[in-house]
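Asker: To start, I am sharing the structure in question, which I have written as structure tokens.
The values are calculated or read from the model by the stated rules, or taken from the named source; none is laboratory data. Please read these numbers as outputs of a predicted model, since none were measured by experiment. Cβ placement follows ideal geometry from the backbone for every residue including glycine, while neighbour counts extend to all protein chains displayed.
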């Protein structure tokens, strides 16, 4: 059994959460006029892995408030070093991942622990920021975690973020953002150990769902 890291989570929406959420939501509406469709596709209870497209470094910000429930996300430990900012991130749902040789393993363990606690987790299935309208082959990590935790996986298309904050830009541009939440995908299951082929098949299903959500978001933008 892999060693599981300890992740301290507060599923409650604290006063600080509401204050920061109001500020970020207000700025988002002012700068990007976002619209969201398909919110009903995110389960209100139980473990859910929210899997957005990744075309800009601001993508994660558009996923924090697309569901009535509080969502959690991983962040590098370095950004927690400035204590006031770190505390705000924790209130928003961030938890640190420590750098080092075991970072990938720790990230996987932490993600699994969040979902085992029945929470909602944001995880980019493309791994790193990509370019273009097509969703290429995905890493198996999202569906591997879903298989281990029983989490529902929900693809999310975000159109416009690549123009709102392109690679190398320091300030955001006034661009309308369209967010489409796709149909939920059940995790890979098996009476015994889930096979690699089952995970790969579900990963392809996620790729297709993510492409469909992104295509719809692009058409509406």
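Asker: For residue 139, state whether it is surrounded by fewer than 16 Cβ atoms within 10 Å (Cβ to Cβ) and in a helix (DSSP H, G or I).
Answerer: Spelling it out, it is not the case that residue 139 is surrounded by fewer than 16 Cβ atoms within 10 Å (Cβ to Cβ) and in a helix (DSSP H, G or I).
Asker: Residue check: is residue 163 surrounded by 13 or more Cβ atoms within 10 Å (Cβ to Cβ), within 17 Å of residue 59 (Cα to Cα) and without any contact (Cβ under 8 Å) to a residue 40 or more places away in the chain?
Answerer: yes
Asker: Go through (1) closer than 22 Å to residue 44 by Cβ; (2) surrounded by fewer than 20 Cβ atoms within 10 Å (Cβ to Cβ) for residue 155 and report which single condition fails.
Answerer: It is condition (2) that residue 155 fails.
Asker: May I pose another question? Six or more apart or on different chains, Cβ under 7 Å: which pairs go from a residue in the range 130-152 that's free of Cβ contacts under 8 Å to residues at least 12 places away in the same chain to one that's assigned to a helix (DSSP H, G or I)? Could you list them?
Answerer: none
Asker: I need a count of the residues in the range 185-215 that are buried (at least 18 other Cβ atoms within 10 Å of the Cβ) and touching a helix residue (DSSP H, G or I) at 6+ places or on another chain (Cβ under 9 Å).
Answerer: 8
Asker: Same structure, new question: Given the condition in contact with a strand residue (DSSP E or B) (Cβ under 9 Å, 6 or more places away or on another chain), modelled with pLDDT under 85 and at negative phi, answer yes or no: does some residue in the range 38-52 qualify?
Answerer: Within the range 38-52, not a single residue is in contact with a strand residue (DSSP E or B) (Cβ under 9 Å, 6 or more places away or on another chain), modelled with pLDDT under 85 and at negative phi.
Asker: Specify the residue that is modelled with the highest pLDDT; the eligible residues are those in the range 81-106 that are touching a strand residue (DSSP E or B) at 6+ places or on another chain (Cβ under 7 Å) and crowded, with 17+ Cβ neighbours inside 10 Å.
Answerer: In this case the residue turns out to be 93.
Yes/no per residue for (1) under 18 Å from the mean Cα position of the chain (by Cα); (2) exposed (fewer than 13 other Cβ atoms within 10 Å of the Cβ); (3) closer than 18 Å to residue 177 by Cβ:
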| position | (1), (2), (3) |
| --- | --- |
| 9 | yes, no, no |
| 20 | no, no, no |
| 33 | no, no, yes |
| 36 | yes, no, yes |
| 60 | yes, no, yes |
| 68 | yes, yes, no |
